[in-house]
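Here you go, one structure.
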Amino acid sequence: MKVTKDTVPEGFSIQMALVDLLPVLFYGIANILLGYILRDSLFITGGAICTISGTIKVIWKMIVAVKRQNVWPMFLQMRIFMPLGFLLIIISIIINRGAFAGFFGNIMNYPLCLGLLIAWVIGMIAMTVCAIKLDNADVKSNWIEQSINAVAQLMLLICVIVIMTTGAMKADEVVEIQEPRQEETTTIVDDSKSEDNAKAEIVVNPVEEYNAWTTDRVNFRDNPSADGKIIAKINAREEVTVTGETDEWLQVRYGNQLGFVSREYVSTEEPQATYGQAQPLVVDRSKTTGRIVCIDAGHQRYGSSATEPNGPGSGTMKARVTGGTTGRTTGVPEYQLTLDIALKLQAELEARGYTVVMTRTTHDVDISNMERATVANNAGADITIRIHANGSENTGISGALTMAPSESNPYCAYIANESQYLSRCVIDQYCAATGMANQGVSITDTMTGINWCQMPVTIIEMGYMTNPSDDVNMQDPAYQNNMVIGIANGIDAFFAL
Ligand SMILES: [Zn+2]
């Protein structure tokens, strides 16, 4: 029997509806967690539509079970919204295939996750076959279909949880500090507490205040004990003021708060900067003053998949602007890193006497790559620096490169030579300042943002957000400072001909 507008499926029970709720629940939670990992709005929206659509189907089954009444639109919506949700998910994967490739590349390192994911895919295929082959108003078919669905979605949920707990995706989990357990010998009974309060208090000996530095990321606790509540996490190389001590703990003031950190991770030796301080080049400033530099911070909060010509007069259409990649370890999206660096570069270049034009200064814009080039063209910029970061399926790949058009570029061959020279200057100075592996100048004629430019232009891929070390470095303020000095030095080198 097929479900139609006027028929009520036989044998549907509340229990069956509740079992049907399981896959919806599993998938809904997995989708929220995946959204947190991938930070892709289209992907989350697609997942949410699927979840809501599934929930409505469960409610429909409950109404059928209780009232023996067919609320036809509640059944019918599945045929529209479920495929729509899946379509959005597939579109988001196609648009952000770089980021997803990195995600799946990471999963390859975890055979358990890979196995679970394969089980999920097989489950989804099996369920689709059931949905097509079996009668969806039949009780037995329904049990088979929904049992497969529940198991499959549970596999997906476990897979996502394993990914998150193994620390493959988030930096926070990577840093786990060992602390010594508090020894009972250092404790005395606090008389001020009531008699029946058996809990011992630890004596903190005050000391003459002195400054010290954390040697690692460390927990800042309200009590000199590993059981003490964590007030905050203090990063490595942070300055604290020591005000008291126990055998294993130091009482320190951090910001305006008093708390405790393990002695093991505090040193009175002032730490050296992790990275050498890059220095500006010595150049003739009379040659740089009055030059206009356009800085384009790559991407924006939400990509725009509508298309535009790949170059002036081109029949090849490309997406207006994509969402970019994401830091696999830090979780920081590329559009945020690019703007952070772009704003710092703006300040550095202005301090060096350049006039700077920015294509964007916030994330919530919708400016296509062609429009970004047009901003530079209209401003009469002397050069354009397009700030990006790279991604790869291979998380082992690290380093930086710049991109420039070829001499046979159909749209902007006349800027090829100077763009290649600018790219060479920028990548060499950038890598000298940061110590990033130099992958040289890549020649490409496929970049819309280059093809529309009427002045020397370079795209710098500052490092691989899929590589843990590049990703973490690019979020370090001292390292960012070197990145900015390196790019500015490259611009100086280009102009100081
Ligand atoms: Zn990019």
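Computed from the coordinates by the stated procedures, all read-outs in this text should not be read as laboratory data. Given the structure is predicted, the values throughout are model-derived calculations rather than measurements. Reconstructed Cβ throughout: ideal geometry from the backbone, glycine too, with neighbour counts over all protein chains shown.
Which order do the peptides 375-387, 222-234 take when ranked by the mean count of other beta-carbon atoms within 10 Å per residue, highest first?
Details: 375-387: 21.5, 222-234: 15.6.
Averaged packing, sorted descending, gives the order 375-387, 222-234.
Kindly provide log₁₀ I(q)/I(0) values, in the same order as q = 0.10 Å⁻¹, from the Debye equation applied to equal alpha-carbon scatterers of the chain.
These q points yield log10 I(q)/I(0) values of -0.93.
Let me ask you something else. Below 8 Å between Cα atoms, with a sequence gap of 6+, how large is the relative contact order for the chain in percent? Show your work: numbers first, answer last.
On the way: 981 pairs, mean separation 64.4, N = 497.
Reported as a whole number, the value is 13 percent.
Using packing as a proxy for protection, rank 205-211, 287-293 so that the peptide with the highest average count of other Cβ atoms within 10 Å comes first.
On the way: 205-211: 9.9, 287-293: 16.6.
The most tightly packed comes first, giving 287-293, 205-211.
Also, I was wondering about something else. Could you give the nm distance between label points at residue 122 and residue 161, where each point is 7 Å from its Cα heading toward the beta carbon?
2.1
Another question, if that's okay. Residue 362 to residue 267: FRET efficiency via 1/(1 + (r/R0)^6), r the Cβ-Cβ distance, R0 35 Å, to the nearest 0.05? The partial results should precede the final answer.
Details: r = 40 Å, r/R0 = 1.15.
The value I calculate is 0.30.
Note the direction-averaged projected area, equal to a quarter of the hull surface, for the Cα convex hull of region 224-318, in nm².
Working: hull surface 57.4 nm².
Taking a quarter of the hull surface, the average projection is 14.3 nm².
With r defined as the distance between the Cβ atoms of residue 210 and residue 437 and R0 fixed at 56 Å, what FRET efficiency is calculated, to the nearest 0.05?
Numbers: r = 41 Å, r/R0 = 0.73.
Result of the calculation: an efficiency of 0.85.
Any chance you could run the full-extension gain for residue 32 through residue 258? It's 0.36 nm times the residue separation minus the Cα-Cα distance, nm to one decimal. Provide the component values of the computation, followed by the final result.
Numbers: separation 226, 0.36 × 226 = 81.36 nm, distance 3.66 nm.
Once the chain is fully extended between residue 32 and residue 258, it gains 77.7 nm.
Follow-up question, since we're still on this one. Based solely on its DSSP helices, what 222 nm [θ] is calculated for the chain when runs of n ≥ 4 H residues each add -39,500 (n - 2.57) and the sum is averaged over all residues, nearest 500 deg cm²/dmol? It would help to have the intermediate numbers written out before the result.
On the way: 13 runs with 217 residues, N = 497.
So the calculated ellipticity at 222 nm is -14500 deg cm²/dmol.
Starting from the Cα of residue 393, step 7 Å along the direction of its Cβ; do the same at residue 351; then give the gap between the two resulting points in nm.
Distance between label points: 4.3 nm.
Let me ask something additional. Assign unit charges at the C-beta atoms only (+1 for Lys and Arg, -1 for Asp and Glu), then state the dipole size of region 14-169 relative to its Cα centre in Debye, rounded to the nearest 20. It would help to have the intermediate numbers written out before the result.
Working: 9 positive and 5 negative charges, 49 e Å.
Approximately 240 debye in magnitude.
Local charge sum around residue 305 (other residues, Cβ-Cβ under 13 Å, Lys/Arg +1, Asp/Glu -1)? Before the final figure, lay out each step's value.
Details: positive: 97, 318, 320; negative: 40, 308, 366.
Local charge sum for residue 305: 0.
Shifting gears a bit: For residue 285 paired with residue 307, estimate the spin-label separation in nm (one decimal), with each label point 7 Å from Cα along the Cα-to-Cβ line.
Rounded to a tenth, the inter-label distance reads 5.0 nm.
Taking the highest mean first, how do the peptides 471-484, 6-19 order by number of other beta carbon atoms within 10 angstrom per residue? Present the calculation step by step, with values, prior to reporting the outcome.
Numbers: 471-484: 20.0, 6-19: 14.6.
The peptides rank, most packed first, as 471-484, 6-19.
Calculate, in nm to one decimal, what residue 414 and residue 7 gain on full extension: separation in residues at 0.36 nm each, minus their alpha carbon distance.
Numbers: separation 407, 0.36 × 407 = 146.52 nm, distance 7.13 nm.
Going from the current span to full extension adds 139.4 nm.
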